[in-house]
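These notes are about the structure you will find just below.
The values are calculated or read from the model by the stated rules, or taken from the named source; none is laboratory data. What you see is a predicted model; the values in this text were computed from it and never measured. Because the Cβ atoms are built from the backbone with ideal geometry, glycine has one as well, and the counts that use them run over all protein chains shown.
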């Protein structure tokens with residue numbers, strides 16, 4: 001008995017199994033070809049640039065390439081005492097070349113990130129260098145400014161030798177590599193980033209909680225009301241959802257200002273006195289209030305779509321079996337809404353953790369988040385590699401939550417409107 | 001939601017408490033939008049209700065900020081509106097085209113690596129805008145498209161496609177594939193089948209995805225802040241600048257126009273959603 005003879009053949013004489021496999025493969029390729037244009041487009045304009053950000057955040061070749069002789073001469077220097085004449089001489093020639101090429105400014109900026117005060121002594125050196133005589137560069141350079149005789153500055157320079165560095169990531173969590181190569185925290189009064197990270201997580205967490213507490217009752221109401229009423233109320237959720245973020249932020253700026261309506265109301269009910277109106281904007285309060293209202297629809301919609309599928313007879317059954325309405329709610333209804341709660345909370349948390357516009361406008365100094373710091377380094381200090389490093393740290397956090405979201409909810413289950 | 005007559009008093013109280021909370025939340029959601037309307041008609045320059053407005057004195061209201069918006073000297077809004085519409089329209093077209101085609105592939109059951117590919121396609125919606133902004137800015141600067149309309153349009157296509165992919169795959173999830181098979185068996189080629197059979201059926205999903213993409217582009221500030229030069233200023237950029245520097249009533253006039261626009265979009269989206277559900281036979 002050979003199985004060969006029993007194989008079912010297609011009309012072309014090919015075994016059916018093989019033919020099916022072929023067809024499946026063809027379908028696979030067809031499906032993939034449909035997705036390919038968008039995938040390719042996103043890889044080029046999005047995925048690859050994010051990879052480029054990663055590269056930028058660790059790339060330190062600029063300084064390395066600017067001072068090749070110096071770093072070569074520094075190889076043998078142990079970093080304890082001042083370097084010897086050879087290093088000074090190499091540095092003199094490297095720097096002279098940069099001055100001639102007029103690119104010394106970039107070096108000054110870069111080294112100033114490493115140690116404050118580098119910029120001014122490099123500028124001074126540039127002015128005095130024209131009168132330098134040949135030989136004995138150590139004396140001459142040290143004569144320009146006393147900081148050149150400070151070994152700290154040479155150590156800072158040596159730290160920039162490697163072509164790749166993770167120092168920007170350390171800076172992002174207020175740490176740095178000290179002279180002995182140990183990773184330590186920066187002095188307490190300069191730990192700005194840790195505060196921002198903690199605040200970002202704190203704001204995202206409480207905004208999520210507030211959104212949940214406000215969204216749950218109204219989602220329940222929307223899901224249980226008869227269609228004609230709930231459609232009308234749904235507009236209250238959807239209109240803010242479709243309205244420009246800036247318009248919504250602007251309206252909070254009007255409401256929360258010191259002479260604004262919210263303060264007027266507080267004075268009217270006698271909560272605060274007229275001459276002692278609280279500052280509700282340009283601080284954390286403003287960020288909380290505005291962000292909660294703006295992100296609320298993102299919590300309501302997933303909750304609503306889950307609650308809509310829960311049959312009201314379940315609650316009735318719970319009650320008829322002797323549960324009080326509270327027990328029936330807690331034991332029957334609430335567990336069924338957990339998928340919606342998970343989806344809504346993760347979505348709001350993800351959106352809140354990267355919020356930029358609203359905190360920048362109503363947050364003031366005490367209500368700004370990590371995104372604002374990234375924008376600040378992109379636009380003001382122009383320390384793009386540091387901005388990239390911070391961005392990637394934030395991205396890692398978001399991707400972890402996204403991964404959890406994908407596992408629990410599935411991205412193809414995201415519902416809009 | 002009337003309570004049955006036999007409801008015990010404490011549940012009755014609880015029920016009214018619940019309704020009060022709901023009212024408060026709805027008020028919290030919608031009321032901030034309505035504060036903008038009256039103030040945009042303020043005759044004075046301050047952003048508070050003047051005494052005249054509280055008395056409903058007709059002289060306290062005026063259209064001067066709307067005039068300023070349209071005819072004002074050195075006025076940025078005209079150029080901004082033109083740019084915003086050009087960018088949003090092209091970004092929408094691009095997003096809809098790429099997104100719909102991709103969604104067709106994604107909803108095929110033969111699609112390999114569906115999970116990871118879907119996650120990648122949706123990621124621009126999830127990744128914080130500031131990160132997308134930085135990354136796209138580096139890329140556009142490298143290829144020489146920073147401060148051009150093309151660069152901004154491409155960036156907005158990236159941000160808009162996830163919405164199209166989501167809405168179109170959702171529409172396709174209830175799609176009866178036997179109709180396309182019937183068309184093929186009757187001798188129609190795939191393109192013809194798509195144009196005559198599939199597209200009309202998924203059109204509501206495509207349009208509502210397009211609306212999302214349009215709004216995303218029309219409202220987007222963060223990425224444009226990095227990419228735009230002086231010639232590429234958009235309405236959100238002008239609003240952002242205005243809100244940072246000085247909150248003027250002209251901004252409120254613009255905001256009012258935007259609220260009207262978003263209301264129109266909301267109504268369209270709702271009608272489409274209902275139509276789509278009717279076509280797909282989902283009875284609610």
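Structure values in brief
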{"read-out": "Helices (runs of 4 or more DSSP H) fully within the stretch A:107-187 counting 1 or more residues that are modelled with pLDDT of 80 or more and farther than 21 Å from residue A:386 by Cβ", "value": "A:118-129, A:137-144, A:151-159"}
{"read-out": "Of residues in the stretch B:90-112 being over 14 Å from residue B:168 (Cβ atoms) and in contact (Cβ under 8 Å) with a residue 24 or more places away in the chain, the one nearest to the other protein chains (Cβ to nearest Cβ)", "value": "B:94"}
{"read-out": "Out of A:270, A:260, sole residue that is more than 8 Å from chain B (Cβ to nearest Cβ) and either surrounded by fewer than 22 Cβ atoms within 10 Å (Cβ to Cβ) or touching a helix residue (DSSP H, G or I) at 6+ places or on another chain (Cβ under 9 Å) (or both)", "value": "A:270"}
{"read-out": "Top-ranked residue of the stretch B:70-114 - restricted to ones that are more than 23 Å from the chain's Cα centre (by Cα) and part of a helix (DSSP H, G or I), ranked as surrounded by the fewest Cβ atoms within 10 Å (Cβ to Cβ)", "value": "B:71"}
{"read-out": "Meets criteria (closer than 29 Å to residue B:242 by Cα and modelled with pLDDT under 90) for residue B:79", "value": "yes"}
{"read-out": "Residue match in the stretch A:205-214 (condition: facing another protein chain (nearest Cβ under 10 Å) and over 30 Å from residue A:316 (Cα atoms))", "value": "no"}
{"read-out": "Unmet criterion (only one of (1) assigned to a helix (DSSP H, G or I); (2) at the interface with chain A (Cβ under 9 Å from one of its Cβ atoms); (3) surrounded by fewer than 22 Cβ atoms within 10 Å (Cβ to Cβ)) for residue B:231", "value": "(2)"}
{"read-out": "Looking only at the stretch B:237-256, and only at residues there that are touching a residue at least 24 places away in the same chain (Cβ under 8 Å), over 15 Å from residue B:149 (Cβ atoms) and within 11 Å of chain A (Cβ to nearest Cβ), the one that is surrounded by the most Cβ atoms within 10 Å (Cβ to Cβ)", "value": "B:255"}
{"read-out": "Among (1) crowded, with 21+ Cβ neighbours inside 10 Å; (2) closer than 29 Å to residue B:212 by Cβ; (3) in contact with a helix residue (DSSP H, G or I) (Cβ under 6 Å, 6 or more places away or on another chain), the one test that residue A:308 misses", "value": "(1)"}
{"read-out": "Lone unmet requirement of (1) at pLDDT 90 or above; (2) more than 12 Å from chain A (Cβ to nearest Cβ) for residue B:131", "value": "(2)"}
{"read-out": "Subset of the stretch A:315-355 that is in a loop (DSSP other than H, G, I, E, B) and more than 11 Å from every other protein chain (Cβ to nearest Cβ) - its residue that is surrounded by the fewest Cβ atoms within 10 Å (Cβ to Cβ)", "value": "A:322"}
{"read-out": "Residue satisfying all of: in the stretch B:134-153; free of Cβ contacts under 8 Å to residues at least 40 places away in the same chain and at the interface with chain A (Cβ under 7 Å from one of its Cβ atoms); surrounded by the fewest Cβ atoms within 10 Å (Cβ to Cβ) among these", "value": "B:138"}
{"read-out": "Any chance residue A:302 is away from chain B (no Cβ under 11 Å), more than 18 Å from residue B:31 (Cβ to Cβ), surrounded by 21 or more Cβ atoms within 10 Å (Cβ to Cβ) and modelled with pLDDT under 90", "value": "yes"}
{"read-out": "Only listed residue being farther than 19 Å from residue A:85 by Cβ and out of contact with any strand residue (DSSP E or B) (no Cβ under 9 Å at 6 or more places or on another chain), chosen from A:146, A:115", "value": "A:115"}
{"read-out": "Elements of type helices (runs of 4 or more DSSP H) contained in the stretch A:200-286, each with 3 or more residues being in contact (Cβ under 8 Å) with a residue 24 or more places away in the chain and in the same structural domain as residue A:362 (by TED's automatic domain parsing)", "value": "A:227-242, A:245-256"}
{"read-out": "Every residue from the stretch A:368-403 that is within 23 Å of residue A:296 (Cβ to Cβ), surrounded by 24 or more Cβ atoms within 10 Å (Cβ to Cβ) and more than 9 Å from chain B (Cβ to nearest Cβ)", "value": "A:369"}
{"read-out": "Residue selected from the stretch B:257-279 under the condition free of Cβ contacts under 8 Å to residues at least 60 places away in the same chain and at the interface with chain A (Cβ under 7 Å from one of its Cβ atoms), by the criterion nearest to residue A:246 (Cα to Cα)", "value": "B:258"}
{"read-out": "Residue under evaluation residue B:165, criteria (1) assigned to a helix (DSSP H, G or I); (2) more than 10 Å from chain A (Cβ to nearest Cβ), criterion not met", "value": "(2)"}
{"read-out": "Test result for residue B:256, under 30 Å from residue B:37 (Cα atoms), at pLDDT below 90, out of contact with any strand residue (DSSP E or B) (no Cβ under 8 Å at 6 or more places or on another chain) and not in a loop (DSSP other than H, G, I, E, B)", "value": "no"}
{"read-out": "Count of the stretch B:35-48 residues which are buried (at least 18 other Cβ atoms within 10 Å of the Cβ) and either touching a helix residue (DSSP H, G or I) at 6+ places or on another chain (Cβ under 7 Å) or assigned to a helix (DSSP H, G or I) (or both)", "value": "6"}
